Each structure stands twice: as structure tokens, then as C-alpha cells.
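See structure below.
The values are calculated or read from the model by the stated rules, or taken from the named source; none is laboratory data. On a predicted model such as this, the values are computed, not experimentally measured, just so you know. Here the Cβ is made from the backbone with ideal geometry for all residues, glycine too, and neighbour counts use every protein chain on show. Ligands, DNA and RNA are excluded from the accessible area calculation, which covers all protein heavy atoms including side chains. Shrake-Rupley method; radii C 1.70, N 1.55, O 1.52, S 1.80 Å.
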Amino acid sequence: MLPNDKLKVIVISDGTGETATAITRAAMTQFAEKDIFFTRYKNVRSKYQIDAIFQEAAIHHDVVVYTVVSLELRAHIAELTRRDHVRAVDLMGPLLTAFSNFFEAEPSHVPGLLHAVNDDYFKRVSAIEFTLNHDDGRNLDSLEEADVVLVGISRTSKTPLSIYLSLEGMKVVNVPIVMGLPLPEKLFQIDQRKVFCLTIDPDALHQIRRNRLTRLGVGGEGNYADLNKVTEEVEWANRLFAENKRWPTFNVTGKALEETAAEILKLLNMRKVNRFKQSKRFEEKKEE
């Protein structure tokens with residue numbers, strides 16, 4: 001069994017398990033202080049395979065997350081969950097049931113169909129992997145490969161927003177900035193239209209940071225959660241953003257991830273449309 005501060009997640013899938021792993025990683029961004037270790041079992045198509053996996057899960061008190069379309073195998077997993085007292089999360093069953101009721105039709109229950117959808121699936125998987133490998137300012141040497149670069153001070157929703165956008169197929173890098181430290185030079189060497197800034201109201205950030213310290217059991221606020229210091233930090237970041245006029249700024253105060261993501265995606269789509277129109281006008285002039 002892993003130490004108490006580590007969580008082992010066993011992913012069971014009748015496909016590659018990429019979707020279940022990505023969704024679990026996205027959920028775990030809300031528990032940043034916890035370590036997570038994955039064991040993935042893909043192309044699981046028999047009760048025998050599931051029995052062996054659950055023996056391990058029961059011994060080590062692991063959490064099982066599964067995406068299985070077979071009704072028979074899902075029922076078998078549910079039975080083992082009750083019998084062996086294993087914590088398990090069915091990511092596919094409730095969704096299939098909901099759609100089945102809505103369409104008044106039974107799903108095909110054919111495993112592995114996700115791979116046959118189209119290139120969009122592989123684009124999303126690639127985007128998720130890229131985003132996870134570039135979380136919190138890591139691997140900035142490949143920053144130019146990103147579709148979106150999120151910049152902001154601590155606790156401005158950079159990581160969860162990155163994950164959300166990656167599920168839309170965007171390769172995202174989030175870059176934390178710290179007052180008094182220079183920004184990475186690489187940030188100014190890429191296409192500046194990729195950079196998006198995140199800000200927040202000082203009072204809201206103060207409360208978020210205080211709550212974080214409380215959850216971590218840390219006594220005393222220090223500079224991290226001191227209201228005056230927080231206000232100074234937010235104002236410094238806002239001035240920095242204003243100096244870089246090609247960086248749009250989004251205020252995340254009181255907003256759901258979906259709202260901020262929608263605003264960013266809307267702006268990206270507007271730029272795409274404008275580029276198309278400019279290209280079309282250029283071609284028309286050439287023909288004249």
C-alpha cells in the first residue's frame with residue numbers, strides 16, 4: 001500500500017485508457033497537494049482480466065476508474081466492487097444510460113470504437129499529453145509548439161483552465177509569474193498572439209490563498225496570503241500585462257472554468273475568421 005499522501009489509481013479500459021486517465025488527471029488538479037500514481041490496463045475484454053486486476057486493487061486499497069462499454073463487464077465490475085470493498089468510478093456507464101434513455105435506443109456495446117472516430121480524437125489526446133507535460137512552467141524549451149500560453153500569478157486557475165482547454169484539443173502551457181523575478185525570455189520569443197493573461201480581484205485571491213493554507217494546515221499567512229501583499233502582487237501583474245499590449249487579460253474572479261475557456265476560445269475563433277477574411281481579400285486583389 002502506498003503512503004497516505006499518495007493515491008494509486010487503476011485505470012481499466014476496453015480501449016487505450018487515455019480518456020479515463022486524462023479525466024482523472026483533470027480532477028486531481030483540484031488536489032494539488034496530493035501525489036497520484038497510475039496503473040493502466042488497456043484492451044480489457046474479459047472477466048478473467050478484471051478479476052486479476054481487482055485482486056490487486058483490493059490488497060492495496062487502490063481506486064479503480066474504468067471506461068468499459070460492455071454491460072456484462074460493467075455489471076461484473078460492480079459486483080467485485082461490492083464484494084471486495086474497492087472504491088471504483090464508472091465513467092462510461094452513467095453516460096451510456098443517460099443517452100440510451102434520451103434516444104430510447106440501446107448502445108452498440110462495441111468496445112474500442114473511440115479510436116475509429118477520426119483524427120480529432122488523436123488531436124485531443126496529443127493536446128492533453130502536451131499540456132500535462134508543460135504544467136506550471138515546465139519544459140519551456142518547446143513553448144513555441146503551444147496553441148495557448150496562460151500567464152498568471154499563483155492561484156489564478158492556470159492549471160485547471162489548461163486541462164479544460166486541452167480537452168478541446170488545444171496544446172496549452174501555463175507559466176507562473178512571481179513578483180520580483182524576471183519573466184522567461186522564451187515568453188517574448190514566441191508568437192505573442194498565443195499569450196493570454198489571467199488576473200483576479202485581490203480580495204478573492206486573498207480568500208483563496210487563506211483557504212489553501214488552512215487545507216494544508218499551515219499556520220500564519222506570511223506574504224502568500226497577506227491582503228496587502230496579495231493586492232501588491234495583483235497590481236504588479238496587471239501593470240505587467242498592460243505593458244504587453246498584445247496579451248489579452250481575463251479576470252477569473254467568480255467565474256467557472258467554462259466561462260473563461262469560452263471567452264478564450266471565442267477570441268481564438270474570431271482571429272481565425274479574421275485571418276481567413278484577410279487571406280480571401282488578398283487572393284481577390286491578386287486576381288484583379
Exercise. Would you mind working out the accessible area per residue for the chain, using a 1.4 Å probe, and quoting it in Å²?
Key: 58 Å²
Exercise. Whenever you get a sec, line up LYS8, LYS47, LYS272 from highest to lowest accessible area (probe 1.4 Å, protein heavy atoms).
Key: LYS272, LYS47, LYS8
Exercise. Report, largest value first, the span of the C-alpha coordinates of the chain along each principal axis, in whole Å.
Key: 69, 61, 36
Quiz item: Of ASP62, ASP203, which has the most accessible area and how do the rest follow, probe 1.4 Å?
Solution: ASP203, ASP62
Exercise. Can you send over the solvent-accessible area of LEU7, 1.4 Å probe, protein chains only, in Å² to the nearest 10?
Key: 50 Å²
Quiz item: Using 7 Å Cα-to-Cβ label points, what is the LYS277/LYS34 separation (nm, one decimal)?
Solution: 4.8 nm
Quiz item: Can you give the calculated 222 nm mean residue ellipticity of the chain, where each DSSP H run of n ≥ 4 adds -39,500 (n - 2.57) and the sum is split over every residue, rounded to the nearest 500 deg cm²/dmol?
Solution: -16000 deg cm²/dmol
Quiz item: LYS171's amide H: which non-local residues (gap 5+, or another chain) put their own amide H closer than 5 Å, with H modeled 1.01 Å from N in plane and none for Pro or chain starts?
Solution: ASP147, VAL148
Quiz item: In segment 53-74, which residues have a backbone nitrogen under 16 Å from the label point lying 7 Å from ARG45's Cα in the Cα-to-Cβ direction?
Solution: 68-74
Self-check item: DSSP-assigned coil residues among GluC sites (Glu not before Pro) in segment 187-253, each with at most 15 further Cβ atoms within 10 Å
Solution: GLU221
Exercise. Label segment 1-82 by shape, choosing from rounded, prolate and oblate, from the square roots a ≥ b ≥ c of the eigenvalues of the Cα gyration tensor; if a/c is under 1.5 it is rounded, and otherwise prolate applies when a/b is larger than b/c, oblate when it is not.
Key: oblate
